[in-house]
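Chemist: Handing you a structure now.
All of the numbers you see were taken from the coordinates with simple rules; none came from a lab. Fair warning: this is a prediction, and the values are worked out from it, not measured in the lab. All Cβ positions, glycine included, derive from the backbone under ideal geometry; neighbour counts span all protein chains shown.
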Amino acid sequence: MSALTYEDVISKYEPVLGLEVHVELNTNSKMFCGCSTIFGAEPNTQTCPVCLAMPGALPVVNEKAIESTILIGLALNCSIAPFSRFARKNYFYPDMPKNFQISQYDEPICVNGYVDVEIETDEGPQSFRIEIERVHMEEDTGKSLHVGGSTGRIHGADYSLLDYNRAGIPLVEIVTKIVPGTGKYAPEVAKAYVAELRDILRALGVSDVKMEQGSLRCDANVSLRLIGSEVLGTRSETKNVNSLRSVERAIRGEMIRHAERLNKGEKVVQETRHFQEDTGLTRSGRSKEQAEDYRYFPEPDLVPVVPDAQWIEKLRAGLPERPSLRRKRLQEQWSVPDKEMAAMINADVLNIVEETVLLGADPTKARSWWLGEISRLANEKDVAITALAITAKDVAEIVSLVAQGELTDKLARQVVEGVIAGEGTPAQVISARGIKVVNDDSALMAAIESACAAQPETAQKVRDGHLPAAGALIGIVMKETKGQADAARVRELLLGHLGQSGN
Amino acid sequence: MSSLSRDDVANLARLARIEMTDQELENLTTEFAVILNAVARVQEVATTDVAATSHPLPLKNIFRSDVVIPSLTPEEALSGAPASEEQRFRVPQILGEEA
Amino acid sequence: MIKNSAAEMSAALSSGATTSVALTQAHLDRISEVDGKVHAFLYVDTQGALEQAKKIDDARARGEKLGPLAGVPLALKDVLVQKDVPTTCGSKILEGWRPPYDSTVVTNLKSAGVVILGKTNMDEFAMGSSTENSAYGPTHNPWDLTRIPGGSGGGSSAALAAFEAPLAIGTDTGGSIRQPAAVTGTVGVKPTYGGVSRYGLVAFSSSLDQAGPCARTVLDTALLHEVIAGHDPKDSTSINAPVPQVVAAAKSGDVKGMKIGVVKELNGDGYQAGVRQRFEESLELLAKAGAEIVEVSAPNFEYALAAYYLIAPSECSSNLARFDAMRYGLRVGDTDGASAESVMNMTREVGFGREVKRRILLGTYALSSGYYDAYYGSAQKVRTLITQDFNKAFEKCDVMVSPTCPTTAFKIGEKADDPLAMYLNDIATIPVNMAGIGGMSLPSGVAPEDGLPVGFQIMSPVMQDQRMYSVGAALEAALLSKWGAPLLSQAPVLGGVA
């Protein structure tokens, strides 16, 4: 395939990035009408005259969507415009019922922000500032299903079937300024930026940020210029970049593709390209014979958004801690090793662990429950941890029962299983299942005596000071008490009984 | 400046998604010469110190609460569709960019 | 009975002298009799109207409290959607479409018990001043069937003048309620922008469109105004304030001490002699009734027409983009292998008439990159100047007045090939839409030279709609006592029923 390596590219060219991220907000209703936004509903069951663009229907702005957008702007260090307006972006496309998209043009709601991201470089961790040009509101389009033809793709299809459930779902577009100066780390920086955005948006609670469901989508603009040059190269815009890994791959791939063309003395075409998950390459979108002219003008069916300072400050006061700072703080507070921290972030249990700790649980114990047994059960059931019937409160309670010696680790696992199976709170599970640590010494002594009687030779060995032999006797006692005894206590009593106390 | 060529008019028709006959394009080119001359008068008084009015009333911040209200039934939604299939609007093959 | 006013019909219904079913049937009969000549209606909902009439009669029999217009029939302009009733906007592109929802105006009419007889003819998508641009053929002026009934709401005005309905709904973007009222000798009001919900009004130019009441008397117009007006959360541009007390104003008709501003720029060259004569006479009558007549100037009104023919086409080019053959309405050229784009292109070519296409292309141009500032942007500035002119003038007067249009009804076909001459009809009505204020047209007599009705326009400031009703009622009363009978009694008799 390509003779050019990534190292060849970066030794000669500097990449310049521009990233546009679309976020579907998680409002209950659509941007301009009261239709539900639930993902995966039957086709065209979440539509109305407004989102189907029936003649005469009019849009009304969802207040929650405006608040979410302002929150995003604030979290990205943007200024909130004292006056902003919606504008119509006019172009014809069957998945867009009005044949114009209500968007924002020269008066977006948030401008001029930044996000700092940190990546591992050859010289250790390094921070990059990504400047945000604007954050604006718009609406999503419907979904088309292409029927006929061989590929199932748009080209070659005989006809298309349209479902407008998604049409009108609020979208926020976050646009960076051009990002120069990332050099060979451009793909990693872009990935880290999208990941940081995802974490910020998740912390704000304004979106599901599920890239695989399309609630977070990234378009990556890439251009190359000779190192040292001030002139920007021609850019390509890659769409369909639907995972963090793809962000990195798409940018790397585009850098190599551009460099190959430039090295051959060919021009890079300014065009839209589509990322192919399977190959990691991009494919040219159908280039339009003539450029579109969107004929933006202020949306006459809507009135300006003029947020007063009080409203903005109220929203600002409710901003959560920046995810990167919070991660650092928690890692320090809980003394978590880097690898474990990464595992927690990956498994998305940071929030629930924190909640459990705030309820009094030991951080290490809380972490090990959520990351261990509970994650394992969630994987088994193939559901998200948050979808399980166990709460931070349940886990905190279990951790506390173990600490008090009311439960052994083994019993605690049974309680966790019970809670997840929907049997109730830990207390209810314990009582219903009859789970109890046997800590009645006389009951234990009876079991110990009977074990020693059953295995007199082993008992003798212990009496003679051969302590490892005690394990077999402890095992019998534990079996006898169905694991409900505290093994440490059994050992203590057994050794005492056989004249080896103090060891 | 207020004159359009036939090609300009054809390009407008393309942007507006209207197939036009040669005769229509001819007629419109002639009519636009007259009409544009008349409407260009707005430039006589539209000086930079005048603010633009896009809306007759000084309204602002009109919102609805984020509450779900019942949608149309799919039958109602599709009732006017020229063609439908599998509870979806059936449309001719879409050329152009992949969505 | 059909020649009575809606207020009189309402009284007859309340007293039991008639029933809504009888009244509705009388109008349906009248429609059968004369609409072949007038062509005011695109669709007559015989069954729906009679069912609604019956429902009102039953409610009245049960002693339910009913609004003043309950049981009175009405003609609805075909630009407002009514659930399950065909809505075409006078366009082929919507032929056969039955909306699955009601416009707010229709919801309000239904809850007031008004009986909707059917949908009236109009210039396609309300673009025109003569109703000749309907894809379903022109409407004829009952005063002279060879003449236009005005437009775009010529169906509604003709239905009133032909006694096919005592009430009608129109919409007014640049004069489409007032100019038809003027040329048919009826009354029409464009309320303050935002006074009546636009939800379910098929948009032509969103920042100018306004639905309003039409009738044969000022009081009837006011009664209908109060039924359809009011805040609507489904329309973001709807005004959230109490509806002006227009019925009370129409009943009192008191103009003593009111200052009436005559717009210097809207009464001179280009205005037909008979139009000016009737206008002067009306001013004298108002002065006699106790009003003070003052002159006001609005120097920027001369740019209103140019600005209008940029703003309205621009907004319409976007509003009408939704008619694309994908989700409803006409679809043309869907043959094997055709693309969605070619089907859109062909459908819009076949489905839209000449004037609509002309305006869509004009608007597409005015908004296009590189021309926006020169055209659309400049037009928006003119809008500011016109509003300033109104604001200054209203410092000197309570209402402003002018002839509604420069001429009486012209012949069908006379201006069909001259768009600019056609556009000039709206020269006096357009400024009102640009500023979003209220405007009324009521008959001020006939022009001596052609015997055709002349309209008198009254303009009132934002949300002061009651003022134009006071002045209109005063003038109507003075003219009625002068004429001895309503103006429409001078119109030719179209059918046998009187």
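Chemist: Need the C-alpha centroid separation for region A:28-46 versus region A:446-503, integer Å.
Modeler: Computed from Cα coordinates, the inter-centre distance equals 66 Å.
Chemist: Can you pull out the trypsin sites (Lys or Arg not before Pro) in region C:1-51 whose DSSP state is coil and whose Cβ has at most 15 other Cβ atoms within 10 Å?
Modeler: Those satisfying the criteria are C:K3.
Chemist: Give, in nm to one decimal, the length gained when the segment between C:L480 and C:K65 is fully stretched (0.36 nm per residue of separation minus the Cα-Cα distance).
Modeler: The span from C:L480 to C:K65 would gain 146.1 nm if fully extended.
Chemist: Using Cα pairs closer than 8 Å and at least 6 residues apart in sequence, work out the relative contact order for region A:6-290, in percent.
Modeler: Relative contact order comes out at 23 percent.
Chemist: Taking Cα centroids, how far is region C:195-209 from region C:445-498 in Å?
Modeler: Here the answer is 27 Å between Cα centres.
Chemist: Right, here's the next one. So for the pair A:T234, B:Q23, with labels modelled 7 Å out along Cα→Cβ, what separation do we get in nm?
Modeler: 4.3
Chemist: Over region A:321-433, how many percent of alpha carbon pairs lie in each 10 Å bin up to the one with the longest distance?
Modeler: Spelled out per bin, shortest first, that is 14, 48, 30, 8, 0.
Chemist: How do C:177-184, C:294-301, C:328-335 rank on mean C-beta neighbours within 10 Å, highest first?
Modeler: Answer by packing, highest mean first, reads C:177-184, C:328-335, C:294-301.
Chemist: If Lys and Arg each add +1 and Asp and Glu each add -1, what is the summed charge of the other residues whose beta carbon sits under 11 Å from the beta carbon of C:P461?
Modeler: The answer is -2.
Chemist: Additional query: Once the Cβ-Cβ distance between B:A38 and C:E414 is put in as r, and R0 is 22 Å, what FRET efficiency do you end up with, to the nearest 0.05?
Modeler: For R0 = 22 Å, the calculated efficiency reads 0.65.
Chemist: Here is a further query. Please give the direction-averaged projected area of the C-alpha convex hull for region C:392-455, in square nanometres with one decimal.
Modeler: In nm², the orientation-averaged hull projection of region C:392-455 is 5.6.
Chemist: Per residue of C:302-308, count partner chain C-beta atoms within 10 Å of its C-beta, then hand back the mean as an integer.
Modeler: Whole-number average of other-chain Cβ neighbours for C:302-308 is 5.
Chemist: Count, for each residue of C:93-101, the Cβ atoms from other chains sitting within 10 Å of its Cβ, then give me the mean as a whole number.
Modeler: Partner-chain Cβ atoms within 10 Å, mean over residues of C:93-101: 4.
Chemist: So what's Rg/Rh here for region A:441-497, counting alpha carbon atoms and using the Kirkwood radius for Rh?
Modeler: Here the Rg-to-Rh quotient is 0.92.
Chemist: Express in whole angstrom the spacing between the alpha-carbon centres of region A:118-197 and region C:20-99.
Modeler: 52
Chemist: Turning to a different aspect of this structure: Would you pull out the residues with amide H under 5 Å of C:V296's amide H, same chain only if 5 or more places away, H placed 1.01 Å from N?
Modeler: Amide H neighbours of C:V296, under 5 Å, 5+ apart: C:V262, C:V263, C:K264.
Chemist: Do me a favour and compute the ellipsoid semi-axes for chain A from its Cα gyration tensor, root of five times each eigenvalue, largest one first, whole Å.
Modeler: With the √(5λ) rule applied to chain A, the semi-axes are 57, 28, 22 Å.
Chemist: Straight-line reach from C:K110: which lysines have a Cα under 26 Å away, not including same-chain ones fewer than 8 places off?
Modeler: By straight Cα distance, C:K110 reaches C:K3, C:K54, C:K55, C:K65, C:K77, C:K83, C:K119, C:K190, C:K234, C:K251.
Chemist: Ignoring everything except DSSP H segments at least 4 long, calculate the 222 nm mean residue ellipticity for chain C; use -39,500 (n - 2.57) per segment, divide by total residues, nearest 500.
Modeler: Mean residue ellipticity at 222 nm (helix-derived): -12000 deg cm²/dmol.
Chemist: Next up: Please identify the trypsin sites (Lys or Arg not before Pro) of region A:182-281 that satisfy two criteria: DSSP loop assignment and at most 16 other Cβ atoms within 10 Å. Which are they?
Modeler: A:K210, A:K264, A:K267
Chemist: If I measure Cβ to Cβ between cysteines in chain A, which ones have no partner under 4.7 Å?
Modeler: Cysteines of chain A left without a disulfide-compatible partner: A:C33, A:C35, A:C48, A:C51, A:C218, A:C452.
Chemist: Once you have the Cα-Cα distance between A:E260 and A:K482, take 0.36 nm times their residue separation minus that, and quote the gain in nm to one decimal.
Modeler: That pair, A:E260 and A:K482, stretches by 72.9 nm at full extension.
Chemist: Going out from 0 in 10 Å bins, what whole percent of all Cα-Cα distances in the protein assembly as shown drops into each bin?
Modeler: 2, 9, 16, 18, 16, 12, 9, 7, 5, 3, 2, 1, 0, 0
Chemist: Treating the beta-carbon of each Lys and Arg as +1 and of each Asp and Glu as -1, no other charges, what is the dipole magnitude of chain A about its Cα centre, to the nearest 20 debye?
Modeler: 500
Chemist: Arranged from highest to lowest average of other beta-carbon atoms within 10 Å per residue, in what order do the peptides C:221-234, A:128-141 appear?
Modeler: Peptide ranking by packing, descending: C:221-234, A:128-141.
Chemist: Net charge around C:M127, counting only other residues with Cβ within less than 12 Å of its Cβ (Lys, Arg = +1; Asp, Glu = -1)?
Modeler: My count for the surroundings of C:M127 gives -3.
Chemist: How big is the dipole moment of the protein assembly as shown about its Cα centre under a simple scheme where the beta carbon of each Lys and Arg is +1, that of each Asp and Glu is -1, and everything else is neutral? Debye, nearest 20, please.
Modeler: In total the dipole reaches around 940 debye.
Chemist: Here is a follow-up. Could you bin all the Cα-Cα distances of chain C into 10 Å bins starting at 0 and give me the percent of pairs in each, rounded to whole numbers?
Modeler: Per 10 Å bin, starting at zero, the Cα-Cα P(r) for chain C comes out as 4, 21, 33, 27, 12, 3, 0, 0 percent.
Chemist: Search the structure for amide H atoms under 5 Å from the amide H of B:L95, placed 1.01 Å from N in the peptide plane, and list their residues when 5 or more places away or on another chain.
Modeler: HN-HN under 5 Å from B:L95: C:A340, C:E341.
Chemist: What number results when the radius of gyration of region B:6-45, computed over Cα atoms, is divided by 2.2 N^0.38 Å?
Modeler: Dividing the Cα Rg of region B:6-45 by 2.2 N^0.38 Å gives 1.32.
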